[in-house]
């Protein structure tokens with residue numbers, strides 16, 4: 001159950017990042033008091049904000065079941081890796097071999113950190 005909570009937290013965090021990026025792309029813009037209708041209709045922004053809140057709650061739930069030195073690296077590195085891959089797939093952003101190597105090294109480090117936690 002504790003690992004499922006972390007996976008859901010990673011998913012919520014990465015999805016929130018993707019939605020906020022989408023919310024800032026034309027024709028949408030950063031929410032502003034000068035354009036209240038545009039602000040209210042920028043659904044990716046609000047959904048992303050809500051998912052960041054859900055990610056925080058899932059992180060807090062994971063901390064009640066896992067040590068901080070396990071939960072935090074797994075959640076943050078998982079979100080970083082997921083966002084790097086989603087940015088390539090959804091936004092056609094460049095993916096360099098150094099990015100792939102960096103993700104591999106981070107994941108390897110997290111596996112080593114969490115190897116003794118069941």
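The values are calculated or read from the model by the stated rules, or taken from the named source; none is laboratory data. Worth saying up front: this structure is predicted, and the values here are computed from it rather than measured. Glycine gets a Cβ as well: all are built from the backbone with ideal geometry, and neighbour counts include every protein chain shown.
Here is how the numbers come out for the structure above:
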read-out: Enumeration of residues in segment 89-118 that are surrounded by 15 or more Cβ atoms within 10 Å (Cβ to Cβ) and within 17 Å of residue 21 (Cβ to Cβ); value: 99
read-out: Unmet criterion (only one of (1) without any contact (Cβ under 8 Å) to a residue 60 or more places away in the chain; (2) under 24 Å from residue 4 (Cβ atoms); (3) assigned to a helix (DSSP H, G or I)) for residue 116; value: (3)
read-out: Residues satisfying the stated conditions in segment 61-70, i.e. in a helix (DSSP H, G or I), surrounded by 15 or more Cβ atoms within 10 Å (Cβ to Cβ) and modelled with pLDDT under 95; value: 70
read-out: Answer residue from segment 44-56, given it is surrounded by fewer than 17 Cβ atoms within 10 Å (Cβ to Cβ) and over 11 Å from residue 13 (Cα atoms) and is nearest to the chain's Cα centre (by Cα) among those; value: 47
read-out: Criterion violated by residue 80 - all others in (1) part of a helix (DSSP H, G or I); (2) without any contact (Cβ under 8 Å) to a residue 40 or more places away in the chain; (3) more than 17 Å from the chain's Cα centre (by Cα) satisfied; value: (3)
read-out: Yes/no for residue 111 being within 18 Å of residue 66 (Cβ to Cβ), part of a helix (DSSP H, G or I) and either free of Cβ contacts under 8 Å to residues at least 24 places away in the same chain or in contact with a strand residue (DSSP E or B) (Cβ under 9 Å, 6 or more places away or on another chain) (or both); value: yes
read-out: Selected residue [within 13 Å of the chain's Cα centre (by Cα), closer than 28 Å to residue 108 by Cβ and either in a helix (DSSP H, G or I) or in contact (Cβ under 8 Å) with a residue 40 or more places away in the chain (or both)] from 20, 74; value: 74
read-out: Test for residue 87: is it within 12 Å of the chain's Cα centre (by Cα) and modelled with pLDDT under 95; value: no
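Residues are listed down the side, and each one gets a yes or a no for (1) part of a helix (DSSP H, G or I); (2) more than 23 Å from residue 90 (Cα to Cα); (3) in contact with a helix residue (DSSP H, G or I) (Cβ under 9 Å, 6 or more places away or on another chain):
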| site | (1), (2), (3) |
| --- | --- |
| 4 | yes, yes, no |
| 8 | yes, no, yes |
| 12 | yes, no, yes |
| 25 | no, no, yes |
| 34 | no, yes, no |
| 46 | yes, no, yes |
| 50 | yes, no, yes |
| 59 | yes, yes, yes |
